[in-house]
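S.K.: Supplied in structure tokens, the structure appears directly below.
FYI, it's all coordinate maths here, none of it is from the lab. Just so it is clear, the structure is predicted and the values come from calculations on it, not from any experiment. FYI the Cβ positions are ideal-geometry reconstructions off the backbone, even for glycines, and counts take in every protein chain you see.
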Amino acid sequence: MRLAGCCLLLASALHAQTGTYVLKAARLFDGKSDRLVEPGIVVVAEGKIQSVGGAAPANATVIDLGDSTLLPGFIDAHTHLTMDFDPDYNGARLKGFSRTTAESAIRSTANARKTLLAGFTTVRDVGSEDFLDIGLRNAINAGIVPGPRMLVAVHALGATGGHCDEGAGLKFGLLNHETGPEDGVINSPDQARYAVRFNIKYGADIIKTCATGGVLSKDTIARLRCRVVAGAANNQLAEPEDADRLAERGILYAPDYVVNAGGIIHLASLELLGEDLPARDERLHAIGDTLRDVFRVADERGISTAAAADAIVEQRLGAGRGAA
């Protein structure tokens, strides 16, 4: 079975076209049902999806994708589209100092286009610099460059020397100033409030915080002085054994992909499923129930909370396959 792409992605390609178009494929998955619809029909008029499923209207231009499956647009809740991936971390940092803001902005448009063509029609971009994410979001919204719908954070917020401090690891004075709230570096409640207000003032849709060094490892776990680790992003375990190390220290670990599910649920509920706010809220409130299930399974089986979360995922996926 061949995946032709995403119906929202294909519809966006017709955004500048006038008239009515029909995207036709052998199958369609609409995200609301657990079954495929055959054939797959998506009607697009004036750049917007008018209907999914049903019959093709007369006099419409049909784009036949053959033996393919249409899908809704994907959502990535953790991106940095204004940054380039480079396995050479130190080399990439040097390139960042060498490039002008204009070049970085142009490069970010290429990342946005690649992301859209990969099928992602919405992203939550959680940290940038020089307001590149604001400019990229605005250019996409204005139809100047192709890209996904972006929710942006301006600067991620963290402590001096922490995961989100761009000056960390550099000699003093290299950046011509000590990083502070206007760079997303905070060390008190008042600085945190100011940094949040600063980001919102200059266009942030979301607020991103960095509570740890970006990953929980053997070394960082040994230095933790807390009873609970329940941050949203950047609390991934460096290796599976780290979940046991947390438990051995008596630290309750709420797996990152469970507590970070709110953003994905919010977008999927409103954008893909077309639900109202009460229905979305019901799904969001269920995150707490899922966490309680994770803690209960871990306690009953004598396993880490990370292993318990994975077991619950496998159980639910298995139930979903059985229902299909």
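S.K.: Quick one: order ILE41, ILE264 by neighbouring beta-carbon count within 10 Å, fewest to most. Present the calculation step by step, with values, prior to reporting the outcome.
M.R.: Working: ILE41 21, ILE264 16.
Arranged by neighbour count, lowest to highest, ILE41, ILE264 become ILE264, ILE41.
S.K.: Give me Rg over Rh for the chain, both radii from the alpha carbons and Rh done the Kirkwood way, two decimal places. Working shown, then result.
M.R.: Values: Rg = 22.4 Å, Rh = 22.3 Å.
The Rg/Rh ratio comes out at 1.00.
S.K.: On to the next question. Averaged across orientations, what area in nm² does the convex hull of the alpha carbons in the range 214-324 project? Write down the numbers at each step before the final one.
M.R.: On the way: hull surface 32.1 nm².
Mean projected area of the Cα convex hull: 8.0 nm².
S.K.: Let me ask something else about it. Sorting THR121, THR101, THR109 on the 10 Å Cβ count, fewest up front, what's the list?
M.R.: On the way: THR121 23, THR101 12, THR109 19.
So the ranking, lowest neighbour count to highest, is THR101, THR109, THR121.
S.K.: Within the range 42-148, list the trypsin sites (Lys or Arg not before Pro) lying in a DSSP loop whose Cβ has at most 15 other Cβ atoms in a 10 Å radius.
M.R.: Values: sites: LYS48, ARG93, LYS95, ARG99, ARG107, ARG113, LYS114, ARG124, ARG137; in loops: ARG99.
Here the sparse-neighbourhood loop sites are ARG99.
S.K.: Could you tell me, in Å, what Rg and Dmax come out for the Cα atoms of the range 272-324?
M.R.: That works out to 13.6, 40 Å for Rg and Dmax.
S.K.: Another question about this same structure. Give me the orientation-averaged projected area of the Cα convex hull of the range 28-120, in nm², one decimal. Walk me through the numbers on the way to the answer.
M.R.: Working: hull surface 37.2 nm².
Average of the hull's projected areas for the range 28-120 equals 9.3 nm².
S.K.: Return the lysines within reach of LYS201: Cα separation strictly under 23 angstrom, same-chain partners fewer than 8 residues apart disregarded; answer none if there are no such residues.
M.R.: Here the lysines satisfying the reach criterion relative to LYS201 do not exist.
S.K.: A further question on this structure: Please give the FRET efficiency for ARG99 paired with GLU241, using the beta carbon to beta carbon distance and R0 = 51 Å, rounded to the nearest 0.05.
M.R.: Values: r = 39 Å, r/R0 = 0.77.
Efficiency for this residue pair is about 0.85.
S.K.: Right, next: I need two numbers for the range 31-184: Rg to one decimal and Dmax as a whole number, Cα atoms only, in Å.
M.R.: Final numbers for Rg and Dmax: 20.6, 68 Å.
S.K.: Exposed loop sites here are chymotrypsin sites (Phe, Trp or Tyr not before Pro) in DSSP loop states with at most 13 other C-beta atoms within 10 Å. What is the longest stretch of the chain lacking them? Intermediate results must be reported in sequence, preceding the final value.
M.R.: Values: sites that count: PHE85, PHE172, TYR202.
Free of exposed loop sites, the longest segment is 203-324.
S.K.: Run the quick spin-label model on ARG223 and ILE207: label points 7 Å from Cα toward the beta carbon, then report their separation in nm to one decimal.
M.R.: Using points 7 Å along Cα→Cβ, the separation is 2.6 nm.
S.K.: Calculated from DSSP H runs of 4 or more alone, at -39500 (n - 2.57) each and per residue, what is the 222 nm mean residue ellipticity of the chain, nearest 500?
M.R.: One gets -12000 deg cm²/dmol as the mean residue ellipticity at 222 nm.
S.K.: Measuring from the lowest to the highest alpha carbon on each principal axis, how far does the range 103-149 reach, largest first, in angstroms?
M.R.: Computed over the range 103-149, the largest-to-smallest principal extents equal 27, 21, 17 Å.
S.K.: Hey, another quick one. Distance check, please: which entries in LYS171/LYS208; LYS95/LYS218; LYS95/LYS208; LYS32/LYS208; LYS48/LYS95 exceed 28 angstrom between their Cα atoms? Intermediate values should be presented prior to the final figure.
M.R.: Numbers: LYS171/LYS208 26 Å; LYS95/LYS218 31 Å; LYS95/LYS208 25 Å; LYS32/LYS208 30 Å; LYS48/LYS95 40 Å.
LYS95/LYS218; LYS32/LYS208; LYS48/LYS95, as the Cα separations exceed 28 Å there.
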